[in-house]
Each structure stands twice: as structure tokens, then as C-alpha cells.
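Below is one structure; the comments refer to it alone.
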Amino acid sequence: MDFELSEDQRAFQHSARDFAANELAPHAAGWDEHGTFPKDTIRAAGELGFCGLYSPEQWGGLGLPRLDAAIVFEELAAADPSTAAFITIHNMATWMLTMNARDEVAAHWGPLLTSGEKLASYCLTEPGAGSDAGSLRTTARLDGAEYVLNGSKAFISGAGETDVLVVMARTGGAGASGISAFAVPGDTPGITYGRKEQKMGWNSQPTRGITFENARIPAGNLLGNEGDGFKIAMKGLDGGRINIATCSVGAAQGALNAAQRYMHERKQFGKSLAQFQALQFKLADMATELVAARQMVRLAASKLDSAAPDTNVYCAMAKRLATDLCFNVINEALQIHGGYGYIREYPLERLLRDARVHQILEGTNEVMRVIISRRMLEEDALDRIR
Ligand SMILES: Cc1cc2nc3c(=O)[nH]c(=O)nc-3n(C[C@H](O)[C@H](O)[C@H](O)COP(=O)(O)OP(=O)(O)OC[C@H]3O[C@@H](n4cnc5c(N)ncnc54)[C@H](O)[C@@H]3O)c2cc1C
């Protein structure tokens, strides 16, 4: 067991840190305030390989392990969790497409997506099917050489601005086994995008509902086989959960760094804040919890990399733990800033608003507990998860 980063991992970390410092940090507050989706910056991230970090090299990705991808995402999120989180969703959808599409579809979209020239959305949630995603009702009916899509999706990150949608839709009967996945060009006739949601955070990326009304796509755009869609969606989400957890770790690191600096700068009662033991202890707990969260996320990533049978449980554990602990770390960092933490001149309130949704999406933290406890109560589970 080696907990040190390799030279290559350090190199990725440094290039992500430089990119975050130069291309994200100076603009993050403005993008948040004006609701700007920074496509050019995402494209620039693509030039460094950050839009296809773990997608196959055959289609332009870097083919990296999830652990390495997590190291990159963490650095981006320390400056701008919202834009970093969109980049992670794009990576997830790009991986799903390039791993499961027929060669001609992967050959078309793969290089465009991994380079960041085109962007992808992940479309699972529906107005009536959130946590219970297996009950989704959007249909895809085979009609000759085309599938015809009807139904609606809710809360889709990037929708309206992305070029291809990875859509889960029902081709068979009720339940998860009746679901298939498709690569759907975003400008397909019959697709309409809802209004841009007004959100608490994640303001540098649009979130919209999508309606499909007799939207026709080539039958060859099916990902995998009919009935594979839910499995493809859940496999994507295992990695997605590591990614979102990583965005929380990054945001918490950004907040902790700010708090450390501020404790030296700010004076009250004739002393710097760094001299108050109550705040020293707070800082110690924040650092401890942040390191615990990071290690849990890296453990889950290494489980995914080695295709361990309990990967799914570890991804759920990591997502639950890291998004909860890191939200608290950010909140404590805000508290250390006093009133200044609450105003926009400092990044704390933005980091807090951005990180809050990580406890909700890619499966809520209650659903993470459902996944973990279900496995723990299986007959052969005693001693397995330890
Ligand atoms: C900003 C944003 C971006 C998003 N981006 C995407 C995207 O790109 N693609 C996509 O497909 N989806 C996306 N989502 C949707 C997100 O994944 C869902 O919101 C989430 O899965 C929860 O579904 P829901 O909102 O319908 O809540 P519900 O499922 O209605 O849950 C409501 C509450 O009940 C709890 N609950 C539900 N079932 C159980 C249970 N069995 N046991 C205990 N508690 C339970 C939940 O934890 C929650 O607290 C996004 C959401 C947001 C807010």
C-alpha cells in the first residue's frame, strides 16, 4: 500500500493547479454572479486532456485511472467547484459514450468530446423519477432504422448548451431491465429545452429540463444492447460519485487554504485569529476531516480501477462521507471569516453554495446509505466490508 503520489500524478496535479489558478480562479466569482457558462475555458481544459481523462485513448481520451482523474478534478474544484463539476459530468458522459457506442458513433463523437470541442450531458432524472431512477418513463420505440424518443428529463446539467445527450429511455417493460441508453445529438428535431433553472449554486453551468417529442435518432446510436441502459447509467455513476466527492474535497481544500491565510491576517482583541485556541482546534478538525474524506475517495477510486466487486459500495461510501464532511469544512471556514465569510468579496459563500448540491445529486446521500446498508445486510456480507 503506497499513499504517495507518483511522479506522473504529481505532474498532472501541477498542471491542473496551474490551470485552476490561471484560468478558473480569476473568473469563478464573475461566472457565478452572471451565470456564465465558460465554454471556451472548458475547451482550453480539453486541450490539456481534462475533458476525456479516463476515456479510451482510441477515441482521444487519456485513458487514465480514476485515481489520477480525481487528482486533476480536485485541483480544478479548489478554485471553481461549479465549472469543475460540469467538467466531471462531461467526462462521465464521454466515457459512457466512448465505452459503449458502436465504432462509427464513437469515432464521430469521441475525438470531439475528449478534446472539449463538443460537450455532453447525462440524462437520467425525470420529473417523476429522481432517486427511483429505475421507474423512468421516457420511451424509445424502434421504428425501422430509427428510435423515436418521447418523454421528459429534469435537472440536466449543461442542457441547452451541450452537443450530445446520453439519454436513458425505456425500450422494454417496467423496471431497470427495460431501460436502454442512447447517444442523442442535442439538436435533434423534436427536442425542446426548458428554461434555465435559477439555482443556489452551480451557476457557471446551466441546468434545464428536456422534452422529447417524436425525436428520431439512428438505431445505431443505441449504447450497448437494448436493456443495458440502467447498468451503463449506474456504472457511469460509480465514477461520477467519485468525481463529485472529489469536487467537494477540492472545494473544502480551497476553503481551508483561505481560512489558514485569514487566521494570520485578521486581528481581534489585539491578537491574530491564529492565536485563539478555539480556532486552532477548529482548523485541526477541518484538516483531519478533509484528509479522511480525500483518502476515502482515493480508496473508492482505486477500487474502481481494480474492478473490485465491492466498488459500488465504496463509491457510495466515499460520496456520502466526502460530500458531508467537506460541506462542514467549508462551513467552518466561512465561520472563521466571520461576517466577511458571508459576503461575496471572499470565496467562502460561493464554495458553500456550490458544494451543497453534491449532497443531493448523482444519488442523494440518503440513497448512498440505501446502497451501503443493502449490501451490508446481504447474507454473505459479514466481514466483507471492512
Ligand atoms: C443542480 C442539479 C444538477 C443535476 N444534474 C443532473 C444531470 O446532469 N443528470 C441527471 O440525470 N440528473 C441530474 N440531477 C438530478 C439529481 O440527480 C436528482 O435531483 C437526485 O437524484 C434526487 O432526485 P429528486 O430531486 O427527484 O429527489 P427525490 O428522489 O424526490 O428525493 C426527495 C428526498 O427523499 C429522499 N429519498 C428518496 N428515496 C429515498 C429512500 N428510498 N430512502 C430514504 N430517502 C429517500 C431523498 O434522499 C431526498 O432527500 C441534478 C440535480 C440538480 C439539483
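The values are calculated or read from the model by the stated rules, or taken from the named source; none is laboratory data. This structure is a prediction, so every number in the text was calculated from the model and none was measured. Positions of Cβ are backbone-derived with ideal geometry, glycine not excepted, and every protein chain shown enters the neighbour counts. Heavy atoms of the whole protein, side chains included, go into the accessibility calculation; ligands, DNA and RNA do not. Shrake-Rupley method; radii C 1.70, N 1.55, O 1.52, S 1.80 Å.
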(message) Would you confirm whether or not region 203-214 contains a residue that is open to solvent by 30 Å² or more (accessible area, probe 1.4 Å), under 28 Å from Met317 (Cα atoms) and outside the structural domain of Tyr147 (by TED's automatic domain parsing)?
(response) no
(message) Quick check on this structure: which one of Leu76, Leu97 is open to solvent by less than 10 Å² (accessible area, probe 1.4 Å) and either over 27 Å from Phe182 (Cβ atoms) or not aliphatic (A, V, I, L, M) (or both)?
(response) Leu76
(request) Return a yes/no flag: does region 167-190 have any residue that is within 15 Å of the ligand (Cβ to nearest atom) and either hydroxyl-bearing (Ser, Thr, Tyr) or touching an Asp or Glu at 6+ places or on another chain (Cβ under 8 Å) (or both). (result) yes
(message) What's the total number of residues in region 308-356 that are assigned to a helix (DSSP H, G or I), open to solvent by 10 Å² or more (accessible area, probe 1.4 Å) and of a type in the set (Asp, Glu)?
(response) 3
(message) Within region 246-262, does at least one residue satisfy the condition of being open to solvent by less than 60 Å² (accessible area, probe 1.4 Å), hydrophobic (A, V, I, L, M, F, W, C), farther than 20 Å from Ala29 by Cα and in a helix (DSSP H, G or I)?
(response) no
(message) Pairs please, first residue from region 9-33 and of a type in the set (Ser, Thr, Tyr), second anywhere and part of a loop (DSSP other than H, G, I, E, B), Cβ atoms under 8 Å, 6+ apart in sequence or on different chains.
(response) Ser15/Leu48
(message) When the residues of region 132-158 are narrowed to those that are at positive phi and of a type outside the set (Phe, Trp, Tyr), which ends up nearest to the ligand (Cβ to nearest atom)?
(response) Gly158
(request) Please enumerate the residues belonging to region 344-385 that are within 15 Å of the ligand (Cβ to nearest atom) and among the small types (Gly, Ala, Ser). (result) Ala355, Gly363, Ser373
(request) Quickly run through region 1-26 and pick out the residues that are among the aromatic types (Phe, Trp, Tyr) and not in a helix (DSSP H, G or I). (result) Phe3
